[in-house]
Amino acid sequence: ALHPQCEVTLMRALQEGLNNVAKHARAQEVNITLSYMADQVALDIQDDGSGFDQKEVETAEIERGFGLIAMRQRAEQNGGQVIIESESGKGTTLVIQFPLEEVSI
């Protein structure tokens, strides 16, 4: 089971990820996958858009204080992580992962 804060963080990350695709990616297609594995849950948002240079975007995000940096901070506060893979001209994949909590009955 996921902690409610993790559920909210995944929903907000999905909203922010789709917002970023709409604003910046010029994508034709977006694939969203929510995967429950033995020890973690992962949300993948993958687009076929323009991609970006990660260093440039991270520097700009630090100056503004929101977006991908805030998403990463929210995930880490709840024991999760954010992985971003992007290359100019080759699209972007955003992955948000959280460990699954053990449920005792």
| In degrees, nearest 10, range 0 to 90: what is the angle between the Cα axis of helix 54-64 and the longest Cα principal axis of the chain? | 80 degrees
| request: Have a look at GLN81, GLN15, GLN28 and tell me which one the Gaussian network model of the chain (Cα, springs below 10 Å) gives the largest fluctuation. | output: GLN28
| task | Whole number in Å², please: accessible area per residue of the chain, 1.4 Å probe, ligands, DNA and RNA not counted. | result | 65 Å²
| query | In whole Å and largest first, what semi-axes does the C-alpha gyration tensor of the chain yield when each eigenvalue is scaled by 5 and square-rooted? | reply | 25, 16, 11
| note | the chain, Gaussian network, Cα under 10 Å: of SER86, SER35, SER50, the residue fluctuating most is SER35
| Gained length - GLN77 relative to HIS3, 0.36 nm times residue gap less alpha-carbon distance | 25.4 nm
| remark: Subtracting the Cα-Cα distance of LEU34 and GLU56 from 0.36 nm times their residue separation yields 5.1 nm
| task | Please give the helix 4-20 orientation as an angle from the longest Cα principal axis of the chain, in degrees from 0 to 90, rounded to the nearest 10. | result | 10 degrees
| task | Would you kindly state the longest site-free stretch of the chain, with sites defined as trypsin sites (Lys or Arg not before Pro) in a DSSP loop (not H, G, I, E, B) surrounded by at most 16 other Cβ atoms within 10 Å? | result | 27-89
| Accessible-area composition of the chain, carbon plus sulfur, in percent [1.4 Å probe] | 48 percent
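The values are calculated or read from the model by the stated rules, or taken from the named source; none is laboratory data. Note that the coordinates shown come from a computational prediction; the quantities given were computed from them, not determined experimentally. Positions of Cβ are backbone-derived with ideal geometry, glycine not excepted, and every protein chain shown enters the neighbour counts. The accessibility values were calculated without ligands, DNA or RNA, using every heavy atom of the protein model including side chains. Shrake-Rupley method; radii C 1.70, N 1.55, O 1.52, S 1.80 Å.
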